[in-house]
1. Could you point to the residue in B:Met546, B:Met125, B:Phe92 farthest towards the positive end of chain B's charge dipole, with +1 and -1 charges on the Cβ of Lys/Arg and Asp/Glu respectively?
2. Quick one: putting +1 on the C-beta of Lys and Arg, -1 on the C-beta of Asp and Glu, what dipole do you get for the stretch B:5-548 around its Cα centre, in Debye to the nearest 20?
3. Take B:Met546, B:Met154, B:Met125, B:Met460 and order them by how many other Cβ atoms sit within 10 Å, fewest up front.
4. Taking each residue in A:268-275, count the Cβ atoms of any other chain within 10 Å of its Cβ, then average. What number comes out?
5. If amide H atoms are built 1.01 Å from N in the plane of the peptide, which residues on other chains or at least 5 residues away come under 5 Å of the amide H of B:Arg347?
6. Taking every DSSP beta bridge with both residues inside the protein assembly as shown, roughly what % is antiparallel (nearest 5)?
7. Tell me, B:Glu96, B:Glu257 in order of fewest to most beta-carbon neighbours within 10 Å?
8. Once you charge only the Cβ atoms, +1 for Lys and Arg and -1 for Asp and Glu, what is the size of the charge dipole of the stretch B:75-193 about its Cα centre, to the nearest 20 debye?
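Where a number appears in this text, it was derived from the coordinates with a stated rule and is not lab data. Quick caveat: nothing in here was measured; it's all calculated off a predicted structure. Cβ placement follows ideal geometry from the backbone for every residue including glycine, while neighbour counts extend to all protein chains displayed.
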Amino acid sequence: MFSRTQLRALAAGVTTLLSLASLLWQRHERPGRGRLLHTHGREHVMLDAAHTLNRGAGLLAFSVAADSAMEHYRGDFQNRAMYTPLVTSVLSLVISGQGQQDPRAGNNPLRNAVYVGTIGTGLAGTAFHLYNIGKRPGRLSWSNLFYAAPVGAPSALVLSGVLGYFSERLRGETQDFIPRIFGLPVGQSVGLMAAAGLLGTALEAGLLHFRGAFQNPAMYIPVSAPPLAAGLLVATVAAGPAYGRLRWLSRLVLRFTAVMGLAGAGFHALGIARNHGGWRNWRQNLQAGPPLPAPPSFTGLAFAGLAAHTLLEDGRELAP
Amino acid sequence: MSAELYLEALETPRARGGRAPDVFSPTGWVPMREYPLDEPVDFAIVGTGAGGGTLAAKLAEAGFSVVAFDAGAWWRPLSEFASDEEHQQKLFWTDERVCSGDNPLVLGTNNSGKAVGGSTVHYAMVSLRFRPEWFRSRSLLGYGVDWPIDWQDMWHYYREVEQVLGISGPVRYPWGPKRPRYPYRQHELNASALALARACEAQGIDWTSTPLATLSAPRDQAPPCVYRGFCVTGCSTNAKQSVLNTWLPRALKGGAEVRDLAMVGRIETGPDGLASGVHYHRDGSWHFQRARHVVVAGYAIETPRLLLNSACPRYPDGLANSSGLVGKNLMVHSNQAAWGLVDDEIRWYKGPPSLAISEHWNYCDDNKDFFGGYAFMSQGPLPAAWAETQVGNRGLWGQALVDEMEKYNHQVGLKIVGETLPQERNRVSLADERDAYGLPIARVSYSFCDNDLRLINHAMRFLRGGLEGIDAREIWSETEGTAHLMGTARMGDDPRTSVVNADCRSWDIRNLWICDGSVFPTSGGVNPSLTIQAIACRTADRIGDMARRGEL
């Protein structure tokens, strides 16, 4: 269906397109655009970032909802607990949608509770998956890392919850000083969290793309761009208010990662087409082929990284 | 489509008129170059399996003119391979043969194929390398004979074949020298393979995912394996990487011609004592293809049969037979199994039959009361094959058979591929009877020797212990059974004790080559297809070198 030469050309072409798209997006960014339209400047920066985080949390929740539904259905819901991530991720998705539409500042206890519950489910899921691996012959072997319950998958749920939790913290902040989460100024805190999420997700993509033998060169993109984005984000956080070029580059690579997450779903659709019977045999190949809903996780995390930038910019303005 | 249509390929040759079947499409064609009969081609290759098909591709790509012949049909897997064990017997070489000896061979399913692509069309895809010491088994291990090829040379060619077939193998292989990473990752283990893993852990030995020639991710026109489980009756998705869908498409692109339903009956030799071409039967009559070189790649029964049947006044004992060894030293693999019943649902028909393997007794020489080694693998016989095992080995019939078959989904098993020693008494010769082409049929005599039986006993004790270790019940041993064919035209360093040299060139006739499992001096405890292809790759490279030096 596709020769190796065609795949190489495709990977190169798509990388170019993604770069152009992220450059265009970056160009149309107008710093502080929201603030001009709103009277409550300070409050709005926080709210704007909170909305972006809601968007990220929602995307991750959507990814988990679709992915866990498909994978746990494939596992025949053998354990009742396998319904849990489905329920919590849908709740997180709904509440993130609501949060993104909600123009009010201030904490919402229900959203907060859902996000905390989402974090808990993700942590429990990781423990469950590790337990599942541990009881198989070979224990922590490649075979089990490839094919047993995926260790990294429930972390997406944790990340969704954490993004949401952060968004709630932001909404609570209206004072004229730099708010802190976990002891760090909010921009730095969100930035480091997004970077960790990007790295972890890239690690999972790396494991699964290694399982697929990187048969399509495009499979290298999600294991290289997100770690680069994470590195630049951490550097931005560490560098402090100066280094405008670094910030520009960091935002650009985050945007690349965000667009890539969506393009990734397209590549996975192509992967499904390359399974026996292709899309005509969708009932089987949606499960046998690469997971369609997984790549947008990167988009969600990249949004969080961009929100961190907004907050960092704001922090700079507030800095004495 | 009617049932007859699925057999259309057997009726009239397909590869003609400048085109050949496209194996990647249900009905399509690909262009094929054709060569006239009366002009000598560089190479006439008899057989298109692991030896001949590989060689055809490599030689054609090196710029030689090549015509390859196969007695079998050119199937299109996507449209002509049914999920039906009985129907798929169309892939086996079941022509009449006289089988004798203490352990007369059962020919067909696991040792001979009759199709373009040879038996790789229905092989179990198990792609293992020989243990390095086996290439010098006489000097290092005290049995058999040494190969004339160095193991590092062979490992170089193993690498080439593994790349071409996109072998899906484990990230780390537990035995032998470090090997390069397999091009594709291991497959998911089925419950049958997990049972092997648990049995090995109970016995305290290593196990791993089996390196298999079926894809674990898409590759070119081939999709990844769907774990349909009909591997040994013909893969209908092309996930299996056989000679039919890897080397032969390359051969055609390289300019080779492949003639299907073309049975070669005799190699002609000229007054100079050299081979001058082959007589083959196609379309109801005999034809003669002139050639500068003839390669015989018909596997360990048909190869000696053709050489012996090509006897002429100058070579009264058959071609390449001054050593008297053509047809002798036929080897098989012992293929015994231990079976048992477990409480868990296994459903071993899912996926390739042998997803997990232990080569422990190939690499460990401690406490052995026999020479050689064996690998053992998890099993997944399809229902008809399993019923046949019950009838053939345990004599179950009627209600007893029905009752036994009820347990099918809970059955587990471990089966060996065991090394057998070369013995001159195990041989292929010509019988008086003649087949449909008027050719004398092969007489195949085979008997295990004491060492072979000791190996089998060791294996059966060990495998039963493994099954006991996972609390299997109703354990029984299948003591009959062989797989694969090797020997009958062994390679060596000395014209008096071998038929061909390390380059697969016959000692007696310098433009006659033998390139298939026949040239194995020893059998090793692993499935032979990877080694045959590696030898073919090496031979092609050597032929290229010799041509450049004017030594052909």
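1. Farthest towards the positive pole: B:Met546.
2. Roughly 1140 debye for the stretch B:5-548.
3. Lowest count first: B:Met546, B:Met460, B:Met154, B:Met125.
4. The shielding value for this peptide is 3.
5. B:His410, B:Gln411
6. 70
7. Exposure proxy ranking, most exposed first: B:Glu96, B:Glu257.
8. Dipole of the stretch B:75-193, to the nearest 20 debye: 620 debye.
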